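The values are calculated or read from the model by the stated rules, or taken from the named source; none is laboratory data. Model, not experiment: these values are computed from the prediction. Positions of Cβ are backbone-derived with ideal geometry, glycine not excepted, and every protein chain shown enters the neighbour counts. The protein model used for the area step is the full one, side chains on, heavy atoms only, and it has no ligands, DNA or RNA in it. Shrake-Rupley method; radii C 1.70, N 1.55, O 1.52, S 1.80 Å.
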Amino acid sequence: MRIACLGWGSLIWKSGVLPVEGEWHKDGPPVPIEFSRISDGGELATAICINADPVPALWAWLTAGALAKWAHDRHIDAVIWTALPPCCDKIESRTPSLEAALAYLDSLTGETREHAKDYICRVPAQIDTTYRRAIVESLGW
């Protein structure tokens, strides 16, 4: 039993205790992703956004030990991902408009701005969304 995990944001470079086996593969399924979640760290993070154009997600095998055994025992083939929704003005599932997203990012200063910029720059280039193109054009990130 093998379990694959989909990713499109910081999970790619910051998997923490997630038991990722090897590298992230770039030929994942198309997923409607946008830079649409204002996170606790201040970045405008990627999230599943039903109205977004699909982009190819990344994926990696998990060395999931107990998870794999549990799935195998139940004849389950599994794919997992983080399903955080958009979030704007601290309202879950509210997607910021493109203009609001750009204004938000442009209003950031100091370490929060650098953190937000670093996040945008570290998300794999194949996560080429409408908001990302506008952020690059407007802010040069």
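Remarks
- Filter pass, residue 36 being among the small types (Gly, Ala, Ser) and touching a Cys at 6+ places or on another chain (Cβ under 6 Å): yes
- Cβ separations smaller than 9 Å between residues 6+ apart or across chains give no pair from the range 2-14 residues that are within 19 Å of residue 70 (Cβ to Cβ) to residues that are assigned to a helix (DSSP H, G or I) and charged (D, E, K, R).
- Qualifying position, being closer than 21 Å to residue 24 by Cβ, open to solvent by less than 30 Å² (accessible area, probe 1.4 Å) and not aromatic (Phe, Trp, Tyr), among 108, 62, 84: 62
- Qualifying residue in the range 69-88 (condition: in contact (Cβ under 8 Å) with a residue 24 or more places away in the chain, among the small types (Gly, Ala, Ser) and out of contact with any helix residue (DSSP H, G or I) (no Cβ under 6 Å at 6 or more places or on another chain)): yes
- Looking only at the range 107-131, and only at residues there that are touching a residue at least 24 places away in the same chain (Cβ under 8 Å) and assigned to a loop (DSSP other than H, G, I, E, B), the one that is farthest from residue 52 (Cα to Cα): 108
- Number of the exception - residue 66 against (1) over 24 Å from residue 17 (Cα atoms); (2) small (Gly, Ala, Ser); (3) free of Cβ contacts under 8 Å to residues at least 24 places away in the same chain: (1)
- Residues satisfying the stated conditions in the range 91-106, i.e. out of contact with any strand residue (DSSP E or B) (no Cβ under 6 Å at 6 or more places or on another chain) and free of Cβ contacts under 8 Å to residues at least 24 places away in the same chain: 91, 92, 93, 97, 99, 100, 103
- Residue within the range 90-100 that is part of a helix (DSSP H, G or I), closer than 24 Å to residue 30 by Cβ, open to solvent by 30 Å² or more (accessible area, probe 1.4 Å) and of a type outside the set (Val, Ile, Thr) present: yes
- Residue check, residue 11 part of a helix (DSSP H, G or I) and either charged (D, E, K, R) or out of contact with any strand residue (DSSP E or B) (no Cβ under 8 Å at 6 or more places or on another chain) (or both): no
- Positions within the range 1-35 being open to solvent by 20 Å² or more (accessible area, probe 1.4 Å), more than 22 Å from residue 115 (Cβ to Cβ) and small (Gly, Ala, Ser), in sequence order: 22
- Any chance residue 122 is open to solvent by 60 Å² or more (accessible area, probe 1.4 Å), within 15 Å of residue 33 (Cβ to Cβ) and among the basic types (Lys, Arg): yes
- Any hit, the range 36-55, residues being assigned to a loop (DSSP other than H, G, I, E, B), modelled with pLDDT under 80 and charged (D, E, K, R): no
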